[in-house]
Each structure stands twice: as structure tokens, then as C-alpha cells.
Amino acid sequence: MRTVSPSDRRARLVALSRAGETLLAQAIPVAAALQPKILAGLSTEEQDQMTRLLAKATRDIEDMEQSAAQPV
């Protein structure tokens, strides 16, 4: 679902519908079960590096979301 940002009318805020939330809830355990197979080809150091980079990207996305939600 898309709505206009209250702080910047040029921006659009995107949110999952109820159906999307249900699908995501079903997908998370599947992804978690696949994770060991996905990471099997990486060394422990590479797995740690990937985890750190994904955590950083997640924080950056969260920071962008917070910035977009704040009035200008």
C-alpha cells in the first residue's frame, strides 16, 4: 500500500497489506530454514562479515524510514 509522505509530498510511503504481512510471516521460517544451506559456501569470517554488512544496511534503511516520517 502506498501513501503520500506527510512531510514530503514528493515521497511515497510503502507498507505491507494484511495479505503481504501474512505472506511475510510464512516466508520468514522458510528463509531461516534455508539459511544454513545458503551460508554453507562461506567461511566463518565471510559469514560474520555478511552479517555485519546486512545489519548495517538494515540500520541505514531504518534511519531513512525515520527521517522520512519526520516533518521537514
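None of the figures in this text is laboratory data; all of them are computed from the coordinates on show. It should be emphasised that the depicted structure is a prediction, and the values quoted were computed from it without experimental measurement. Here the Cβ positions follow ideal geometry from the backbone for every residue, glycine too, while neighbour counts run over all protein chains shown.
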Problem - In range of the label at Arg52: residues from region 17-44 whose backbone nitrogen is under 16 Å from the point 7 Å along Cα→Cβ - result: 43-44
Exercise for the section: Kindly express, to the nearest 10 degrees and within the range 0 to 90, the angle between helix 18-39's C-alpha long axis and the longest C-alpha principal axis of the chain. Expected result: 30
Problem - In degrees, nearest ten, helix 44-69 long axis to first principal axis of the chain (Cα) - result: 10
Practice task
Just add up the charged neighbours of Ser5: K/R +1, D/E -1, any other residue whose Cβ is under 13 Å from the Cβ of Ser5.
Solution key: +2
Exercise for the section: Match the structure shown to one of the listed values (1) 11.5, 37; (2) 16.7, 46; (3) 12.8, 35 of Rg and Dmax of the Cα atoms in Å, computed from it, and give that label. Expected result: (2)
Problem - DSSP loop trypsin sites (Lys or Arg not before Pro) with at most 15 other Cβ within 10 Å: longest gap in the chain - result: 11-72
Problem - Formal net charge of residues neighbouring Thr58 (Cβ-Cβ distance under 12 Å; K, R +1; D, E -1) - result: -1
Practice task
For the chain, calculate the relative contact order in percent as a whole number, restricting contacts to Cα pairs under 8 Å that are 6 or more residues apart.
Solution key: 43
